[in-house]
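Below is one structure, written out as structure tokens, with a few remarks after it.
The values are calculated or read from the model by the stated rules, or taken from the named source; none is laboratory data. Note that this is a predicted model, so its numbers are computed, not measured. Ideal geometry is used to build each Cβ from the backbone, glycine not excepted, and the neighbour counts take in all protein chains shown. Ligands, DNA and RNA are stripped out before the accessible areas are found, and what is left, the full protein with its side chains, is counted by its heavy atoms. Shrake-Rupley method; radii C 1.70, N 1.55, O 1.52, S 1.80 Å.
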Amino acid sequence: MVVDFSEDILETCRSLVLDEDYANQNNYVLVVHSAKGGSGKSTIALNLALQYASKGLQTVVLDLAMYGSIGAMLKMPHRGRGLAAIITLLEEDEHAIRSWKFGEHLRRAIVSHPLQGGKLDVLVAATPVKMDKLSLDSVETIIEVLKAHGYQMIIVDTSSEISARCIGALNKATKILLAVTPDMTCAWNTVQLQDIFKSIMVEREKVVLVGNRVGEGLGLKLEELGELIGIDFAAEIPEDYRLVQALANQGTPLIFRDGNAVSLALKELANFFYPIYTQQQLRGKSGSFISDFLRKRVR
Ligand SMILES: Nc1ncnc2c1ncn2[C@@H]1O[C@H](COP(=O)(O)OP(=O)(O)OP(=O)(O)O)[C@@H](O)[C@H]1O
Ligand SMILES: [Mg+2]
């Protein structure tokens, strides 16, 4: 019997062989989560991803939020692509995810955002109704395939509810960044989240607590919140509503506007998970912003 492979199929086979080499490399899966909506998950996820990508790391954002906002934040045209395309594929054929062609479907669903020094790839979220159809298994497989595609940094944005897709991402996480705003509701929800994490067997060592929208004299002290939650805070990002909103409305990523405390905190945070800056680069023009808090407690 003569089997006629088209050039297309041969190309996919070649890329699969290549991918196996990649699968042996180190990949970092950073899941950004919080126990309360609006605590800055998407802002943090996107600004970390932009930094890694612009430093040349192969980076992808997987937007698993119910109301995914990464596509909008980057003003990305994504019609017919993103997770919507993947979910439609799985609706038509639930076994498609086990097919050797799935990697190619995933590649086609990814949208790239050009950057100086690289590009940021994104798998944008589908509509809320569609997102609800994404199973735990599918999410785990998507993350594995992204690893096999050679992404060094896989940043997962989530919603605050614990859905099946969120558990899938938590299962695959190298680290879980938990964003906490300094208010009692968020702190209390985060305490309760620790119980949920225990019941779904999320390892405590993976959890990194990050204070966001931390304002002088406003809200509760992070040390007190850390005691309440039972985990020390690794880092804090200050509150700067005017700056963050103005940049968001202009569509300018926060991280590319130098000389403000929020961007510096985000740079320190990026370096905490994966070193991309020298200490000198972190210091900025106006002296060191590196918080003693971060050095003392985490390193
Ligand atoms: N450090 C900060 N200072 C001031 N504003 C901030 C800061 N971080 C985030 N914000 C603003 O807070 C709002 C919520 O942020 P974001 O959308 O990132 O939260 P989220 O946790 O992803 O929300 P959701 O749960 O709805 O997905 C946005 O308007 C964002 O611009
Ligand atoms: Mg969000």
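Residue selection: Arg98 fails the criterion of being more than 18 Å from Ala45 (Cα to Cα), more than 16 Å from ligand 2 (Cβ to nearest atom), at pLDDT 95 or above and open to solvent by 60 Å² or more (accessible area, probe 1.4 Å). Considered as a group, the residues in the range 187-241 that are polar (S, T, N, Q) and either open to solvent by less than 60 Å² (accessible area, probe 1.4 Å) or without any contact (Cβ under 8 Å) to a residue 24 or more places away in the chain (or both) include one that is nearest to ligand 1 (Cβ to nearest atom), and that residue is Asn212. Taking the range 27-45 on its own, how many of its residues are of a type in the set (A, V, I, L, M) and open to solvent by 10 Å² or more (accessible area, probe 1.4 Å)? Result for the range 27-45: 1. Among residues that are among the hydrophobic types (A, V, I, L, M, F, W, C), over 24 Å from Pro253 (Cβ atoms) and not in a helix (DSSP H, G or I), Ile167 is not included. Here the range 101-137 is the region considered, the condition is being free of Cβ contacts under 8 Å to residues at least 60 places away in the same chain and basic (Lys, Arg), and the residue that is least open to solvent (accessible area, probe 1.4 Å) is Lys130.
Can you spot a residue in the range 142-150 that is at pLDDT 95 or above, surrounded by fewer than 22 Cβ atoms within 10 Å (Cβ to Cβ) and within 16 Å of ligand 1 (Cβ to nearest atom)? No, the range 142-150 has no match at all.
Scanning the range 134-155 for residues that are assigned to a helix (DSSP H, G or I) and under 19 Å from Ile87 (Cβ atoms) returns Leu136, Asp137, Ser138, Val139, Glu140, Thr141, Ile142, Ile143, Glu144, Val145, Leu146. Candidates Ala261, Ala270, Ala265: the one that is touching an Asp or Glu at 6+ places or on another chain (Cβ under 9 Å), open to solvent by less than 40 Å² (accessible area, probe 1.4 Å), more than 16 Å from ligand 2 (Cβ to nearest atom) and small (Gly, Ala, Ser) is Ala265.
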